[in-house]
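Worksheet for the structure shown next.
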Amino acid sequence: MLFGCFNLAYPILKNVAFLVASLLSWSCFSQNVGHLIKAHPSEMGLDSLVMHTRADSIITHGIKEQAFPGAQLLVTKKGRIVFHKAYGFHTYDSLQPVSLSDRYDLASVTKITAPLPALMQLVDEGKLDLDLPFSTYWKPWRKQKDKKDLTLREILAHQAGLQPYIVFLNKIRTKKGKLKRRFTRKAPSKRFEKQAYEKLYVKNRFERKVWRTINRSKVSQDKKYRYSGLAFLIFPKLIEQLSGQGYPSYLQENFYDPLGAKTLGFNPKKNDDAPIIPTEMDTIFRHTLTQGWVHDENAALLGGVSGNAGLFGNARDLAKLLLLYQNYGKVNDRTFISSHTVREFIKVQYPGNDNRRGLGFDKPLLGNDTLALKDAYPAPLASPESFGHSGFTGTFVWVDPKYQLVFIFLSNRVYPYRSHRNLYELNIRTALHQVFYEAKIEGN
């Protein structure tokens, strides 16, 4: 009888086993595409003692001087993790230590880890041309005389003359600082679905006001370097229009999921209970501790999903994406972006105009290798081929293809208040970055 039951159940069990095996196989494939392997620094030609001693000293000093309460630091060499460490605590009360899995608000590092890979892929697919007027794709600019001829190349290289920033928070507040009911509500509804914070919802159509304001903003006639994040507020909608897919889902499907970068994403507070580092005791907008909700006010008013800020993640998952750039668009045997496109985006676009920028990517100061450590950006020993970005909340990432070095520093320097500037005054990020160039073992 038992044998007969087994015979009846066997086909079912066989199918279930096949399904489970298939799922496991796919899961392993997904994880292995961006799988990170650790290596002892000496295997990669680096002095472990020098790295740890100097990095620990710089970061411990930074915490003591309240440049930040805690941090994550991760460095890869030749694609292998040679340094990965958490320091300090979530806040200065020293109650919760920073762990390697904690997520940080990446601030402007979002620019090169969310809209930029999508734009690069769309360029690859022929859906975007860097040298056609941006108005070819963003139709409202066709009616703007000062914008209709601006190219995507000029915009991404901060050579277009766009305004640096617009404080959209001023659009939803009265002169006394109270939030206008025209734009905000304490509870969600069909017209107020975009959540900026707990019990704070923004009118769905407010994003159109954002775009309209950017469309009508003034453009400088001087063709010179002028950093602007305005277009990054437009890019998510542009990506959706050109790809036919929602912006967050496009990123998840094409980059984060295949790379196994599980912590990269928007609005983590709404989606799971993973530990998130607090950012600021906000006295300007939310009037309470901001944690798990994007710190940047413009991104918050767009529901936490934007191109200028809003992405959260930990250092390990960031490394998976940055190694894709280091390898010119390829991870293992999978090509995400063509080498040609990556190389175009990471090169200096307008060096003759004293503009160091690539396309979306930051680059070393022109003549950086001749500068003293206190004046350099990033480390003086970083190659001219290197690139990266920094973030307002205290984040900094840098990729150096020449030396096969990826450097990631995550902190919440804006805690408790954004007025804290010791991270800059002590030149911590540049000094840390330099450590991993100088830790080279002689003869390597």
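Miscellaneous remarks
- Checking each residue in region 87-113 for being over 19 Å from the mean Cα position of the chain (by Cα), in a strand (DSSP E or B) and buried (at least 19 other Cβ atoms within 10 Å of the Cβ) picks out Tyr87, Gly88.
- Checked against (1) surrounded by 17 or more Cβ atoms within 10 Å (Cβ to Cβ); (2) farther than 21 Å from Lys111 by Cα; (3) not hydrophobic (A, V, I, L, M, F, W, C), Arg181 passes all but a single condition, namely (1).
- Filtered by the rule that a residue be closer than 24 Å to Gly229 by Cα, touching a residue at least 40 places away in the same chain (Cβ under 8 Å) and of a type outside the set (Ser, Thr, Tyr), region 182-208 gives Lys194, Gln195, Ala196, Val202, Phe206, Glu207.
- Single residue of Arg356, Arg413 found to be assigned to a loop (DSSP other than H, G, I, E, B), surrounded by 24 or more Cβ atoms within 10 Å (Cβ to Cβ) and not hydrophobic (A, V, I, L, M, F, W, C): Arg413
- The residues of region 281-315 that are touching a Lys or Arg at 6+ places or on another chain (Cβ under 7 Å) and buried (at least 24 other Cβ atoms within 10 Å of the Cβ), listed by number, are Gly292, Trp293, Leu302, Gly307, Asn308, Phe312, Gly313, Asn314.
- Qualifying positions in region 41-86 - surrounded by 17 or more Cβ atoms within 10 Å (Cβ to Cβ) and either assigned to a helix (DSSP H, G or I) or acidic (Asp, Glu) (or both): Pro41, Met44, Asp47, Met51, Arg54, Ala55, Ile58, Ile59, Gly62, Ile63
- Search result, residues across region 216-241 that are surrounded by 15 or more Cβ atoms within 10 Å (Cβ to Cβ), touching a residue at least 24 places away in the same chain (Cβ under 8 Å), of a type outside the set (A, V, I, L, M) and assigned to a helix (DSSP H, G or I): Phe232, Phe235, Pro236, Lys237
Computed from the coordinates by the stated procedures, all read-outs in this text should not be read as laboratory data. Keep in mind it's a predicted model, so treat the numbers as computed, not measured. Glycine gets a Cβ as well: all are built from the backbone with ideal geometry, and neighbour counts include every protein chain shown.
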